[in-house]
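Participant: Let me begin by handing over the structure; questions about it come next.
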Amino acid sequence: MAQPAERPAGLTNLQKRTLSAAVLLPVVIAAIYFGHPYFTLLVAIFAGVMGWEWTSVVAHERASSTTSPVPIPSAGWRGMAFSAGAISVFVVLLTGFDAPTGAVLGGTFAGVVMTGVAAMRIDRAKASWVALGVAYVAVPAAALVAIRSDQAIGLVALLWIVALVVAADTGGYLVGRTVGGPKLAPRISPNKTWSGLGGAVAGAALIGLLTAFILNHTNVLMLTLISAVIGLLEQGGDLVESAFKRHFGVKDTSQIIPGHGGVLDRVDGLLAVAVAVLVINLMVGGSVLAW
């Protein structure tokens, strides 16, 4: 009688994702709830990891892997990855500990220039990518901290942002898988469809509508429309990171989160949303939720 085939050892990808979420989510939610300095420090840690991941992808050689960046072989590139992460951490800490806006902007600009110049000594063709990575990570991370630092409505605003991102991702996935149809950007992200984009926008709009009713917002339609537009930008942020990875021939920015890939893989849409919300807040002279 034939023996049943043995199951492969180890956890499935779904099990890894579930366990990772079970560990990370309580930490993230607690940090958001308690705010500074806990949220600032958590974002700073994530920013440091993302700076390292970005540089690891830039240092990646296409022929070596198609799944995730291989360990950085060069001491020079390791130094650049550390520098990019450290500068991102520094900018986040400046923001969280109430440094003047000029100091935050100056620190970010100086970090971008310094990393770009230093990277030219390693690979001139990739130097601009390294410099771009500092801005790509540090600015949105600092924006998240700045939004949460609003004592009056920072907690609610950040919960709205997180809910909006989750709803956009979920709506995009469910509608895209169910309806299908024409591809949105097949060369960048083969699985994304126009119907999925519609689902993402609808999911974000729904969060805006619910938030408006919960907060008894004076302009329900405006907050719903703003949320829908931000949902669109969230999907754009996802595509930008996908294009970056495809350019360098990798699938994941790292394997630091079992079952999920890298930190950049998980928060690509959140980074775009954080910047968009901060810009809107600056334009209206306060939180968009209190507008």
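Participant: Over the range 120-175, with a single point scatterer placed on each C-alpha, what log10 of the ratio I(q)/I(0) does the Debye formula yield at q = 0.14, 0.16, 0.25, 0.30 1/Å?
Facilitator: For the range 120-175, the Cα-only Debye profile gives -0.61, -0.69, -0.93, -1.05.
Participant: Determine the equivalent ellipsoid of the range 189-286 by diagonalising the alpha-carbon gyration tensor, then write out the semi-axes as square roots of 5 times the eigenvalues, largest first, rounded to whole Å.
Facilitator: Details: eigenvalues 168, 44, 30 Å².
After scaling each eigenvalue by five and taking roots: 29, 15, 12 Å.
Participant: Follow-up question, since we're still on this one. Using a Cα distance threshold of under 18 Å, what count of lysine pairs results for the chain when pairs must be 8 or more residues apart or interchain? Can you show the working numbers first?
Facilitator: On the way: K16/K251; K126/K245; K183/K192; K192/K245; K192/K251.
Lysine pair count for the chain: 5.
Participant: How long are the three semi-axes of the equivalent ellipsoid of the range 18-129, in whole Å, if each is the root of 5 times an eigenvalue of the C-alpha gyration tensor, listed from largest down? Spell out each step's value before the answer.
Facilitator: Values: eigenvalues 154, 96, 13 Å².
Each semi-axis is √(5λ); the values are 28, 22, 8 Å.
Participant: Where Lys and Arg each count +1 and Asp and Glu each count -1, what net charge lies around W54 among other residues with Cβ under 11 Å from its Cβ?
Facilitator: Details: positive: K245; negative: E53, E241.
So the environment of W54 carries a net charge of -1.
Participant: I've got another one for you. GNM on the chain, C-alpha springs below 10 Å: top fluctuator among I161, I29, I226?
Facilitator: I29
Participant: On each of the three principal axes of the Cα atoms of the chain, give max minus min coordinate, whole Å, ordered largest first.
Facilitator: Extents along the principal axes: 64, 60, 35 Å.
Participant: In addition: Over the range 164-232, what number does the Rg to Rh ratio reach, with both radii from the alpha-carbon atoms and Rh per Kirkwood? Intermediate results must be reported in sequence, preceding the final value.
Facilitator: On the way: Rg = 13.1 Å, Rh = 12.1 Å.
A ratio of 1.08.
Participant: Compute the signed sum of charges (Lys and Arg +1, Asp and Glu -1) over the other residues within less than 14 Å, Cβ to Cβ, of A163.
Facilitator: Numbers: positive: none; negative: D169, E234.
The answer is -2.
Participant: Within a Cβ distance under 13 Å of I72, other residues only, what is the Lys/Arg minus Asp/Glu net charge?
Facilitator: Details: positive: R78, K126; negative: E53, E61, D123.
My count for the surroundings of I72 gives -1.
Participant: Could you work out which residue, out of D169, D123, D265, moves most in a Gaussian network model of the chain, that is, has the largest mean-square fluctuation with Cα springs under 10 Å?
Facilitator: D123
Each reported figure results from applying straightforward, stated rules to the coordinates on display, with no laboratory input. Quick caveat, the model's predicted, so the values are computed rather than measured. Here Cβ is always computed from backbone atoms with ideal geometry, including for glycine, and neighbour counts include all displayed protein chains.
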